[in-house]
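First the structure, in the form of structure tokens, and then the observations on it.
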Amino acid sequence: MRHGMTFIILLTCMALGDLLWCCAALRLRRRWMRWTIGVFGVLQFAGLTMILFSRKGAGLEEMLPRPAHSMILAWHVGILLPWLAWRMVRAAVSLLGKVARIPRRTPSIEVSATPAVTRREFLGAAAALTPPMLTLAAAGIGEVQLDGFRIRRIEVPVPELPPALEGLSIAHVTDFHVGRFTRGRVLERIVEETNRLDADVVALTGDFINHSLRDLPAALDIVRALRARHIVAACEGNHDLIEDARTFHREAERGGMPLLRGESATVNIRGQRLQLLGLPWNQSVSGMRDSAAALLSRRDPSAWPLLLAHHPHAWDFAGEIPLTLAGHTHGGQLMLTERLGAGSLFFRYWSGLYSRPSGALVVSNGVGNWFPVRIQAPAEILHLTLRRASLPRA
């Protein structure tokens, strides 16, 4: 319930942003500008309202075509929020200017003629029309990207890897987000490509559904169809718990999902015991630390451990675990370069292989989508091969 309330608060703030946008449109001097920008804002507000009520079980979200849904998310997350931040900074600067300004009388200037369109009006129109145009472009790019993903192969050097596990292959699949942006044929392709890897272990690190439990049966169909030589194991993600965590856990268990919630599963591979530990989702750092401590107390000293965690920052509490797999970041989603963008802004670890003397972390970009646009962060399934090696010291 707490996760669902967070999303409702966020969506409500976005709706208030739409209203502010419409109010700003009313201040434009040209009628066509007011109508164009105002109608765009009203339509965005209406679409967001449908999504907001869908979070409460009304199901209105399903009435939106996918391209329209893409536009709504691209606008509110990628454009409106930065616009609101800019407005706040501008208002603060203006307020400081008024406080610091020395009052003085300015002589009035009489203007005999006004050009048809002033430079200020032209710049205002360009500034007002650019965000809707960017929204259309982003939605178009998103539609092209949504059903695509890559197979990314990584050799993972692991210190003191047991000889029996040399060359162990792991298919790491995460962040399915089954829902509006991940459905239909792409779900079948995810299963086909994962099974084609013929991995020893299939590791699933959460966010099976985007938010609606109506999509859980389709997600369960995927999990049941995945094949591994030895074991399929999973942990939960934050999106799985948005609508109702208790119902998700109950239906996942009934549907045969091998979900590890602060639990472990052990399998024998070529005479070596492998223990997979699944970390439950925690929103706070303290909760993540405490859950990790409780989970690591379940370690089997006779088995080689592998930690499954949705949030990559769990690696900070993984202790001497030699390998941790995580998702959640979507590779940063919007990246200007490999190291500059939303990933490096919000996360310490956001994509690929990270190492330290005690072990390694691999973060996947995820195979599904909650947001329709990816830049320099393609959707992916990871095919990991473990190699015995010494990791460089930090």
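The values are calculated or read from the model by the stated rules, or taken from the named source; none is laboratory data. Being a predicted model, the structure only gives us computed values, none of them experimental. Positions of Cβ are backbone-derived with ideal geometry, glycine not excepted, and every protein chain shown enters the neighbour counts.
So here's what we get for this one:
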| read-out | value |
| --- | --- |
| Among the residues listed as Val93, Val39, the single one being modelled with pLDDT of 75 or more, farther than 23 Å from Met133 by Cβ, part of a helix (DSSP H, G or I) and aliphatic (A, V, I, L, M) | Val93 |
| Breaking point among (1) surrounded by fewer than 20 Cβ atoms within 10 Å (Cβ to Cβ); (2) within 22 Å of the chain's Cα centre (by Cα); (3) part of a loop (DSSP other than H, G, I, E, B), for Thr182 | (1) |
| Candidate set: the stretch 238-288, residues that are touching a Pro at 6+ places or on another chain (Cβ under 6 Å) and not in a strand (DSSP E or B); chosen: the one farthest from Gly366 (Cα to Cα) | Gly262 |
| Subset tally (residues that are over 30 Å from Glu320 (Cα atoms) and either modelled with pLDDT of 95 or more or aromatic (Phe, Trp, Tyr) (or both)) for the stretch 154-185 | 3 |
| Scope the stretch 196-235; condition in a strand (DSSP E or B) and touching a residue at least 40 places away in the same chain (Cβ under 8 Å); matching residues | Val201, Ala203, Leu204, Thr205, Ile231, Ala233, Ala234, Cys235 |
| Residues located in the stretch 348-381, provided they are assigned to a strand (DSSP E or B), under 17 Å from the mean Cα position of the chain (by Cα) and modelled with pLDDT of 95 or more | Gly352, Val362, Val363, Glu380, Ile381 |
| Condition broken by Ala293, with the remaining ones in (1) aliphatic (A, V, I, L, M); (2) surrounded by fewer than 14 Cβ atoms within 10 Å (Cβ to Cβ); (3) part of a loop (DSSP other than H, G, I, E, B) satisfied | (3) |
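Every residue, every condition in (1) surrounded by fewer than 20 Cβ atoms within 10 Å (Cβ to Cβ); (2) more than 22 Å from Asn282 (Cβ to Cβ); (3) at pLDDT 95 or above; (4) of a type in the set (Lys, Arg), yes or no:
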site	(1), (2), (3), (4)
Ala219	no, no, yes, no
Val223	no, yes, yes, no
Arg229	yes, yes, yes, yes
Val232	no, yes, yes, no
Glu236	no, no, yes, no
